[in-house]
Amino acid sequence: MTFQFDNSYLRDLPGTYLRLDPSVAPAPRLLAFNRDLARDLGLQITEDEAAAWFSGAALPAGAEPAALAYAGHQFGGFSPQLGDGRAHLLGEFLGPDGQRWDLQLKGSGKTPFSRGGDGRAAVGPMLREYLISEAMAALGVPTTRCLAVVATGEDIWRDQGRLPGAVVARVAASHIRVGTFEFFAARGEDAKVKALLDYTIARHYPGVTGALPFFDAVVARQSKLVAQWMGLGFIHGVMNTDNMALSGETIDYGPCAFMDAYAPGTVFSSIDRQGRYAYANQPLILAWNLARLAEALLPFFDADAARAGDLANERLQAIAGIYRRDWLDVMRAKLGLEGQAAGDEALIDDLLPVLLGHDWTLTFRRGFDGFGDWRDRWLDRVGPDWEGRLATANPAVIPRNHQVEAALDAATAGDMAPFEALLAAVRDPFGPEAGREGFVLPPPMGLAPYVTYCGT
Ligand code: AMP
Ligand code: MG
């Protein structure tokens with residue numbers, strides 16, 4: 001079976017997108033094809049079909065390509081019109097369990113939302129999205145997934161010079177962002193905000209009635225998501241409101257990266273000069289972004305503006321406590337603690353200062369070797385048989401930056417073997433360390449600080 005499209009966003013939300021076809025890739029070549037994901041989604045797609053459909057060279061039957069409108073707060077400043085500047089939603093299809101999925105191409109050419117951009121993407125950043133999102137899925141984090149990356153056969157220009165172009169085909173629960181709500185709210189189009197609200201509730205929060213319970217449900221999902229990121233040392237890198245999905249999935253893998261040694265101020269993105277999206281700032285940005293969503297929903301919280309504001313403020317003030325509980329749950333699991341005990345918060349809080357400079361991932365995995373006094377307290381609390389619990393809660397393999405870089409450099413030069421080896425490793429994050437030390441160990445000391453770039 002191939003895609004059985006049922007394009008509800010286009011049908012239900014007229015005036016929120018522009019219909020237009022992707023650019024035609026001149027010489028598509030399949031670089032990566034996610035057979036496991038295709039199978040799980042009930043799709044039978046040949047490699048020729050994948051190369052053609054996932055590069056824009058041809059359209060699968062029933063696709064109705066569109067670029068979606070959205071706005072967004074980028075690094076704190078509002079951009080009233082962003083939108084899909086290099087992406088095309090091909091349509092929505094239903095999986096074997098009836099779950100609805102967006103199929104989107106990214107890097108598929110210019111749209112009216114492109115502003116100065118070329119609408120294109122390079123092989124490296126698209127394979128990066130594929131790799132990191134597969135790692136996140138294997139780590140149990142809600143995320144968009146990639147079905148394929150296809151080289152277009154066209155070169156594009158970036159700061160680094162001429163690079164091979166590619167398109168990624170992405171599957172997502174949807175592409176509705178905080179910025180989608182902001183787009184219509186900022187234009188005073190309340191009827192469209194309401195239609196989007198009803199649509200989002202029906203698609204992602206069935207059973208929820210009304211804007212306030214919806215907001216609470218979004219807060220709950222986003223808080224759990226960011227708590228999971230923090231547990232893994234994941235830094236999204238560009239938590240703009242247009243990169244926060246209402247589905248609760250991690251979306252838009254640009255300059256994201258995993259932290260090696262623990263340092264709360266860690267920033268990888270070249271454009272994040274103030275450290276707005278630093279590791280330890282992510283929970284604060286979570287609340288900031290949710291405040292922007294609350295603003296867009298304000299008229300639907302209560303007909304009385306003052307009352308709506310009070311209700312929103314109550315909600316926003318509760319976020320820090322909700323996140324704290326979610327984070328403590330994540331940390332309890334990482335420490336192998338069962339149940340809850342009075343001293344847990346202090347035990348967890350006291351770990352962070354002694355962890356500074358140590359490898360975030362392996363320290364948990366290996367049972368806090370060398371953490372003297374703190375470790376004694378932990379041993380008292382954790383009880384026997386903690387080894388197995390640590391190994392199921394803490395990965396041996398994350399996509400280490402130095403490995404990701406080496407794999408993408410090789411792929412850009414035409415050699416996919418290192419990418420495939422790394423992909424296989426990150427798809428089995430909780431497996432044994434032995435036999436794959438190269439993917440387990442942090443980078444050698446003395447490497448220059450790691451810097452990531454937006455995938456533009
Ligand atoms: P991002 O940083 O990927 O979240 O993108 C922010 C905005 O810039 C979105 O509206 C994108 O569609 C747009 N954008 C990013 N890269 C390009 C590009 N190469 N061409 C056109 N638009 C782009
Ligand atoms: Mg984005």
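What the table below lists for this structure:
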{"quantity": "Cα gyration tensor category, rounded, prolate or oblate, for the chain with a/c compared to 1.5", "calculated": "oblate"}
{"quantity": "Unit charges at the beta carbon, dipole of the chain: most positive-side option, Pro449, Trp157, Met416", "calculated": "Trp157"}
{"quantity": "Global form of the stretch 8-172, assessed from the alpha-carbon gyration tensor, a/c cut-off 1.5", "calculated": "rounded"}
{"quantity": "Helix-only [θ]222 nm of the chain, DSSP H runs n ≥ 4, -39500 (n - 2.57) each, per residue, nearest 500", "calculated": "-13000 deg cm²/dmol"}
{"quantity": "Cut-off of 10 Å, at most 13 other beta carbons, DSSP loop: longest stretch of the chain lacking such trypsin sites (Lys or Arg not before Pro)", "calculated": "274-456"}
{"quantity": "11 Å beta-carbon shell around Pro418, net charge (K/R +1, D/E -1)", "calculated": "-4"}
{"quantity": "About the Cα centre, charge dipole magnitude for the chain (Lys/Arg +1, Asp/Glu -1 at Cβ), debye", "calculated": "640"}
{"quantity": "Listed residues Ala318, Leu362, Leu390: farthest to the positive end of the dipole of the stretch 307-398 (Cβ charges)", "calculated": "Ala318"}
{"quantity": "Residue-count net charge about Ala50 - beta-carbon cut-off 12 Å; Lys, Arg +1, Asp, Glu -1", "calculated": "-1"}
{"quantity": "Rel. contact order, % - alpha carbon contacts under 8 angstrom, at least six apart, the stretch 335-393", "calculated": "54"}
{"quantity": "Built amide H within the under 5 Å cut-off of Thr250, gap 5+", "calculated": "Thr143, Thr144"}
{"quantity": "Segments 43-51, 131-139 sorted - mean Cβ within 10 Å per residue, highest first", "calculated": "131-139, 43-51"}
{"quantity": "Unit charges on C-beta of K, R, D, E only; dipole of the stretch 335-393, Debye", "calculated": "180"}
{"quantity": "Relative contact order computed over the chain (Cα-Cα under 8 Å; 6+ residues apart), in percent", "calculated": "15"}
{"quantity": "Accessible-area composition of the stretch 335-393, carbon plus sulfur, in percent [1.4 Å probe]", "calculated": "49"}
{"quantity": "Surface per residue (accessible, 1.4 Å probe) for the chain, Å²", "calculated": "39"}
{"quantity": "For the stretch 263-307 versus the stretch 134-208, the gap between their alpha-carbon centres in whole angstrom", "calculated": "18"}
{"quantity": "Label zone at Cys454 (point 7 Å along Cα-to-Cβ), backbone N below 20 Å, the stretch 156-197", "calculated": "156-163, 165-168, 175-184"}
{"quantity": "Rounded accessible area of Glu437 (nearest 10 Å², 1.4 Å probe)", "calculated": "90"}
{"quantity": "Around Gly343: net Lys/Arg minus Asp/Glu count, Cβ-Cβ under 12 Å", "calculated": "-2"}
{"quantity": "Exposure of Tyr9 as accessible area (Å², to 10), given a probe of 1.4 Å and all protein chains", "calculated": "10"}
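The values are calculated or read from the model by the stated rules, or taken from the named source; none is laboratory data. Remember, predicted model here, so these are calculated numbers, not experimental data. With ideal geometry, Cβ positions are generated from the backbone for all residues, glycine too; neighbour counts draw on all protein chains shown. The area values use the complete protein model at the heavy-atom level, side chains included, leaving out ligands, DNA and RNA. Shrake-Rupley method; radii C 1.70, N 1.55, O 1.52, S 1.80 Å.
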